[in-house]
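Presented below is the structure to which this report refers.
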Amino acid sequence: MKYIIYVSQAHAPFSTEKLADLLGRSRSRNTKDEITGLLLYRYSDDFDKGYFIQAIEGPDEALDNLWSRISDDPRHHTIVTLAEGTEDDRMFPNWSMGFKNVEPGELANVPGFADIDKDSFWQDLESGGMPEAPDLLRGFAGDL
């Protein structure tokens, strides 16, 4: 099973309605394409920005097609792949797209969490000092 985990920044903050629309469309298509995953969204009051972290997994061709659509989506930018590879089993087998609109305080207790608002996040990313993204999301998903 192929997977990709990435972070990105929304061009404009997403309202609850825009997030619901995104999820509705994603879940419908993902079910058809045998894609599963997890999407986290975080709005930063400090910078008036929204951030995404997403794990997607599925059959190679379907995942490649989805990744192409995600990469070309004008609603976000600064798309950074944190991890990609293959796993024998799905990380999120029961979720066509699990979702959490995350409040900053909720993340403080997640093992391995790094704040995307901080320069240290990008420095750690460049130096390879980030936690393993699949492990981080598996741990976070246990709290949903």
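The values are calculated or read from the model by the stated rules, or taken from the named source; none is laboratory data. None of the values given here were measured: they were computed from a predicted structure. As a convention, Cβ positions derive from the backbone with ideal geometry for all residues, glycine included, and neighbour counts pool all protein chains shown. These area figures cover heavy atoms from the full protein model, side chains too; ligands, DNA and RNA do not enter into them. Shrake-Rupley method; radii C 1.70, N 1.55, O 1.52, S 1.80 Å.
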Once phi for every residue in the range 50-56 is put through the Karplus expression 6.51 cos²θ - 1.76 cosθ + 1.60 (θ = phi - 60°), the whole-Hz ³J(HN,Hα) values, with Gly and Pro written as x, are x, 10, 10, 10, 9, 10, 10
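To the nearest 0.05, how large is the calculated FRET efficiency for SER68 and PHE47 if R₀ is 25 Å and r is the Cβ-Cβ distance?
Numbers: r = 29 Å, r/R0 = 1.15.
Calculated transfer efficiency: 0.30.
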For a paramagnetic label modelled at 7 Å from the Cα of ALA12 toward its Cβ, which residues of the range 29-64 fall within the zone defined by backbone nitrogen distances under 16 Å?
-> 48-51
Amide H to amide H under 5 Å from HIS76: which residues, 5+ apart in sequence or cross-chain, H placed 1.01 Å off N in plane?
-> HIS11
At a probe radius of 1.4 Å, what is the per-residue accessible area of THR16, in Å² to the nearest 10?
-> 100
Can you list which of the chymotrypsin sites (Phe, Trp or Tyr not before Pro) found in the range 22-109 are DSSP loop residues with at most 13 other C-beta atoms within 10 Å?
-> PHE47
Rounded accessible area per residue of the range 1-61, 1.4 Å, Å² | 48
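Under a Cβ-Cβ cut-off of 10 Å, what is the net charge of the residues other than SER8 that fall near it, where Lys and Arg count +1 and Asp and Glu count -1? Walk me through the intermediate numbers first.
Details: positive: ARG75; negative: ASP73.
Surrounding charge for SER8 is 0.
Taking the Cβ of GLU87 as the center, what net charge do the other residues with Cβ under 9 Å away carry, scoring Lys and Arg +1 and Asp and Glu -1? Write out the running numbers ahead of the final one.
On the way: positive: LYS2, ARG90; negative: GLU57, ASP88, ASP89.
Combined, the nearby Lys, Arg, Asp and Glu give -1.
Working with all protein chains in place, sort SER96, SER68 by solvent-accessible area computed with a 1.4 Å probe, largest first. Display every interim value, and only then the final one.
On the way: SER96 30, SER68 60 Å².
Correct descending sequence by accessible area is SER68, SER96.
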Taking H placed 1.01 Å from N in the peptide plane, check which residues at least 5 places from PHE99 or on another chain put their amide H under 5 Å from its amide H.
-> LEU39
Count neighbours as other Cβ atoms within 10 Å of each site's Cβ, and list the trypsin sites (Lys or Arg not before Pro) in the range 1-38 that are DSSP loop with at most 12 such neighbours.
-> none
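For MET97, MET1, MET91, what's the largest-to-smallest order of accessible area, 1.4 Å probe? Don't jump to the answer; show the numbers that get you there.
On the way: MET97 5, MET1 75, MET91 25 Å².
I get MET1, MET91, MET97, largest accessible area first.
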